[in-house]
Every structure is written in structure tokens, then in C-alpha cells.
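Here the structure is laid out as C-alpha cells; the discussion comes afterwards.
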Amino acid sequence: MTILVTGGAGFIGSNFVLDWLAGSDEPVVNLDALTYAGNRANLASLDGDARHIFVHGDICDRDLIDRLLAQHRPRAIVHFAAESHVDRSIHGPGEFMRTNVTGTFTLLEAARGYWGALEGDDKAAFRFHHVSTDEVYGSLKPTDPPFAETNAYEPNSPYSASKAASDHLVRAWHHTYGLPVVTTNCSNNYGPYHFPEKLIPLIIVNALAGKPLPVYGDGQQVRDWLYVKDHCAAIREVLARGRLGETYNIGGWNEKPNIDIVRTVCALLDEMKPDAAGPYERLITYVKDRPGHDRRYAIDARKIERELGWKPAETFDTGIRKTVRWYLDNQPWVQDVLSGGYRDWVSKQYGPEATAA
Ligand code: NAD
Ligand code: DAU
């Protein structure tokens with residue numbers, strides 16, 4: 001048996017592939033376009049491992065997907081590939097529509113053709129697992145209950161709108177064609193291999209470089225943080241035992257304002273790598289807010305807990321400590337990522353002065 005993973009060189013996808021092959025000998029075909037967010041170095045520990053078949057390609061390439069399905073006969077597709085950064089979607093939404101909407105459509109059509117031709121047990125066992133986000137539900141007020149699977153979709157950014165569109169396509173392919181799908185909507189992940197355009201790794205790498213720590217607006221926006229390996233474990237459960245056509249919200253019951261996250265990272269760095277110039281908090285800098293910035297996300301994870309018995313293994317305290325340690329211990333990975341392309345993004349988003357050494 002084999003599974004096909006898309007986007008397996010990105011942050012969550014690479015953690016998923018590494019964890020999968022640490023716990024199973026079932027091979028993974030890993031299809032990734034290696035955009036700025038995809039990094040073969042995340043998978044370096046699998047070099048020479050015959051269970052990992054890496055394919056450099058695009059999920060919009062129907063011929064390629066048809067060929068991969070025919071050649072490898074996967075029992076499941078786990079679909080991570082996406083443009084994933086909200087700020088980039090504000091600067092340039094086109095690529096988000098192409099990959100997240102057209103790419104998911106292309107994958108669904110290829111999966112429909114492949115699954116339609118399967119027979120017997122193979123047909124019954126096949127799964128299309130769509131990995132999505134809590135951002136499709138929009139923004140919560142301070143006293144609102146957390147997002148349940150029954151919440152209305154109210155996406156507010158080009159990114160979340162493109163993910164909402166992809167969720168709707170997946171739902172429709174199940175209802176209309178019977179494609180055996182499951183969808184998971186997860187909250188903010190953090191952990192190893194997180195690209196430093198996102199809040200937590202950005203704060204770590206900027207602090208270590210003595211650069212300003214940019215906090216958007218008043219820093220009181222709330223996110224619900226989940227350690228990436230807990231997300232990967234939840235996906236494995238849903239893939240194995242999730243009910244067809246259902247969606248499952250995944251979260252860590254860890255609602256925290258951004259400024260608290262930044263202060264926590266600073267305190268851990270003060271402990272693990274003190275700076276002679278003083279506490280890292282001195283670098284906190286409030287900057288212009290993100291346009292349309294969602295105020296609060298929070299996940300009600302009771303459905304996956306009740307039906308599948310999944311619970312996060314990490315608390316925020318243990319997960320963030322591991323994460324800061326990982327960045328300190330993996331400086332070659334960090335320095336490799338902080339390349340020319342990354343500097344261009346930092347200059348575009350935070351101004352040319354932010355790239356000064
Ligand atoms: P990421 O940006 O780190 O990685 C995306 C990967 O997809 C990269 O390896 C990239 O090369 C690949 N990719 C992009 N376009 C492609 C294309 N056209 N064809 C093939 N591969 C392509 O993203 P991530 O943070 O790992 O997120 C993975 C998935 O999880 C996404 O679908 C995202 O919406 C979802 N998600 C992310 C979070 C989070 O906190 N990061 C939370 C919930 C859901
Ligand atoms: O909720 C799940 C989503 O979480 C995923 O679907 C997305 O793919 C993922 O990128 C993430 O989206 P966010 O926009 O919440 O993550 P980000 O790390 O970009 O920002 C987290 C919060 O921190 C958000 O309120 C914006 C704020 N922020 C972010 C950056 C990059 C800052 O204050 N300063 C920054 O420099």
C-alpha cells in the first residue's frame with residue numbers, strides 16, 4: 001500500500017511525512033512544486049530511503065497526477081499543497097486561486113477518475129483527505145463560542161476565501177460523485193520547519209539577529225495554537241477512522257493574544273540564549289496592522305476528541321519550548337532559508353530597512 005501526499009516539502013506536510021515514515025513502512029509519494037515554501041532540506045533525513053518517493057511537480061498538472069496515480073496506485077491522497085500565508089495573499093491573490101482552488105479541483109478530478117476505476121476492497125478503502133484551516137469560519141468576537149464544524153463559512157482574506165472554495169469543492173465532489181473524502185480544519189500550527197514568514201519563527205529568527213519583532217496593530221488578536229506533530233497525529237486518526245463526507249475541527253485549546261506569544265518566545269530565548277544587549281522584549285515593535293485582520297480564532301475540538309479519541313500530546317508550554325530549542329539547534333537550516341527570496345519578501349512586507357543586517 002502507498003499514500004500520495006501533496007505539499008510534503010512544506011511545514012506541516014514535511015512533518016507529516018517524517019512522522020508517517022517513523023511509524024509505518026507504508027511508502028509515501030510526495031508531490032511538491034517546491035515553491036518558496038517547499039524545502040527538500042526538511043526531508044534530508046529520508047535521503048536514500050526507498051519508502052519516500054519525491055516528485056517535483058504541480059498539483060495543477062493533471063497529466064502528471066494521472067500518471068502518478070496509475071503508477072503508484074495509492075490507497076489515499078492527503079492534500080496539504082497550498083499557498084498558505086495570509087500576508088502574501090493580500091499582496092498577490094492570483095497564485096492562491098491557482099493552487100488552492102484550481103489545484104484542488106484538478107486533484108479532485110484526477111482522484112475521481114482513479115477511484116471510479118477501482119473495484120471491491122480497493123474502492124471501499126480509498127480516501128481523499130483535504131487539509132484545511134479554521135480561517136474559513138471568519139473572525140470571532142471575544143465572547144463567541146469557538147468554531148464548531150457547523151459554523152457558517154465567512155472567510156475574510158484572499159487566502160481563507162481560496163481555502164473555503166477548496167473545502168466547498170471537496171464537499172461537492174463527495175455529494176455529487178460519491179468521492180470518499182474527509183476534511184480537517186485546523187488552527188495555527190507551530191513547530192520544526194516552520195517557514196519564518198509566520199509569526200513564531202519570524203520572532204525567533206529576528207530576535208536572534210537583533211532585529212525588530214513586528215507586532216501588527218495592538219497585538220491583541222487571538223489565535224489557537226497547536227503543535228504541528230499533534231496536527232499530524234490528528235490527520236492520521238481522521239484518515240484511518242474519520243467518517244466519510246465529514247469535517248473535523250482540530251485545535252489545541254490554546255487561545256493566546258499575539259503579544260503574549262511574542263513575550264513567551266522572548267522569555268525562552270532569554271533563558272536559552274541570553275543576549276548581552278538585554279532582554280529580547282526590548283526589540284518588540286508595533287507596526288501597521290494587517291488589512292482585514294481577523295481578531296480571534298478558536299477551535300471547538302470536541303468532535304474529533306469524542307469520535308476518534310484524539311487529544312493533543314503537547315501543552316503550549318511544552319510545545320513552544322521544544323520549538324525554540326529546535327530553532328537554536330538547527331541554525332544551518334535557518335540560515336539556508338534566510339536566502340535572497342526571503343529577504344525580498346521581508347523588504348516588501350516590512351520595508352527595506354527590515355532587511356538590513
Ligand atoms: P506551507 O506554505 O509551509 O507549504 C505548502 C507546500 O505546498 C510547499 O511545500 C509548497 O512547495 C507546496 N505547493 C505550493 N503550491 C503547490 C502546487 N501548485 N503544487 C504542488 N505543491 C505546491 O504550508 P503549511 O503551513 O505546511 O500548510 C499546509 C496545509 O495546511 C495548507 O493547505 C494550509 O492551508 C493548511 N493549514 C495550515 C496551518 C498552519 O498553521 N500553517 C493551519 C491549518 C491549515
Ligand atoms: O489559523 C490557521 C492559519 O494560521 C493557517 O491557515 C495559515 O496557513 C497560517 O499561516 C496561519 O495564519 P495566521 O495569519 O494566523 O498566521 P501568521 O503566523 O501569519 O500570523 C499569526 C498572528 O500574528 C496573526 O494575528 C498576525 C500576527 N502577526 C504575524 C506576522 C507575520 C504579527 O503580529 N506580526 C507578524 O510579523
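Taking region 242-303, how much of its Cα-Cα pair set, in percent, is spaced more than 14 angstrom apart? Each step should come with its number before you reach the end.
Numbers: 1352 of 1891 pairs.
It works out to 71 percent of all Cα pairs.
Of all DSSP beta bridges located in the chain, what percent are antiparallel, nearest 5? Of those bridges, close to 10 percent are antiparallel.
Each 10 Å bin from zero holds the following percent of Cα-Cα pairs in region 138-179: 26, 43, 26, 6.
So what is log10(I(q)/I(0)) for region 69-137 at q = 0.14, 0.22, 0.23 1/Å, when the Debye sum runs over its Cα atoms only? For region 69-137, the Cα-only Debye profile gives -0.53, -0.95, -1.01. The modelled label-to-label distance between ALA267 and TYR216, using points 7 Å beyond Cα along the C-beta direction, is 2.5 nm.
Close amide H partners of VAL55, meaning residues 5 or more places away or on another chain with modelled amide H under 5 Å apart, are ASN30, LEU31, ASP32.
Calculated translational diffusion coefficient of region 30-82 (20 °C, 1.002 mPa s; Stokes-Einstein with Kirkwood radius over alpha-carbon pairs) equals 175 µm²/s. Under 5 Å from the amide H of TYR248 lie the amide H atoms of THR183, THR184, ASN185, each residue being 5 or more positions distant or on a separate chain, with H modelled from the backbone and absent for Pro and chain starts. Note that region 238-248 has calculated 3J(HN,Hα) couplings of 5, 4, 6, 9, x, 7, 4, x, 8, 10, 10 Hz, one per residue in order, obtained from phi through the Karplus relation 6.51 cos²θ - 1.76 cosθ + 1.60 (θ = phi - 60°); glycine and proline are x. Is the shape of the chain rounded, prolate or oblate, going by the alpha carbon gyration tensor and its root eigenvalues a ≥ b ≥ c, with a/c under 1.5 for rounded and a/b larger than b/c for prolate? Judged from the Cα gyration tensor, the chain comes out prolate (a/c at least 1.5, a/b above b/c). At full extension, THR355 and ARG243 could sit 35.6 nm farther apart than now, given 0.36 nm per residue minus the alpha carbon distance. Computed over the Cα atoms of region 156-268, pair by distinct pair, the Kirkwood hydrodynamic radius stands at 16.2 angstrom. Our summary gives the chain a relative contact order of 17 percent, counting only alpha carbon pairs under 8 angstrom and 6 or more residues apart.
Per residue, what volume in Å³ does the Cα convex hull of region 1-57 take up? Present the calculation step by step, with values, prior to reporting the outcome.
Numbers: hull volume 3.7 nm³, N = 57.
Here the figure is 64 Å³ per residue.
Scanning residues 5 or more positions from THR285 or on other chains, those with amide H under 5 Å from its amide H are LEU213, VAL215, with H placed 1.01 Å from N in the peptide plane.
Over all directions, the average projected area of the alpha-carbon convex hull for region 195-318 comes to how many nm²? It is 8.8 nm². In the frame of its principal axes, region 269-357 has Cα extents of 51, 36, 27 Å, reported largest first. Phi-derived couplings, Karplus 6.51 cos²θ - 1.76 cosθ + 1.60 at θ = phi - 60°, listed residue by residue for region 250-256: 10, x, x, 6, 10, 6, 8 Hz, with x used for Gly and Pro.
For region 177-219, compute Rg over Rh where Rg is the Cα radius of gyration and Rh is the Kirkwood radius from the inverse mean 1/r over Cα pairs. Working shown, then result.
Details: Rg = 16.6 Å, Rh = 13.2 Å.
Radius of gyration over Kirkwood radius for region 177-219 works out to 1.26.
When the alpha-carbon atoms of region 204-256 are used, the pair Rg, Dmax equals 16.7, 49 angstrom.
Size of region 15-155 from its Cα atoms: along the principal axes, largest to smallest, the extents are 49, 38, 32 Å. Derived scalar couplings between HN and Hα for region 326-343 equal 4, 5, 5, 7, 10, 4, x, 4, 4, 5, 5, 6, 7, 8, x, x, 5, 5 Hz in order, rounded to whole Hz, by the Karplus curve 6.51 cos²θ - 1.76 cosθ + 1.60 (θ = phi - 60°), x for Gly and Pro. To test your reading of the geometry: what angle, between 0 and 90 degrees and rounded to tens, separates the Cα axis of helix 62-72 from the longest principal axis of the chain? The two axes meet at around 70 degrees.
Computed from the coordinates by the stated procedures, all read-outs in this text should not be read as laboratory data. These figures come from a predicted structure and were not determined experimentally. As a convention, Cβ positions derive from the backbone with ideal geometry for all residues, glycine included, and neighbour counts pool all protein chains shown.
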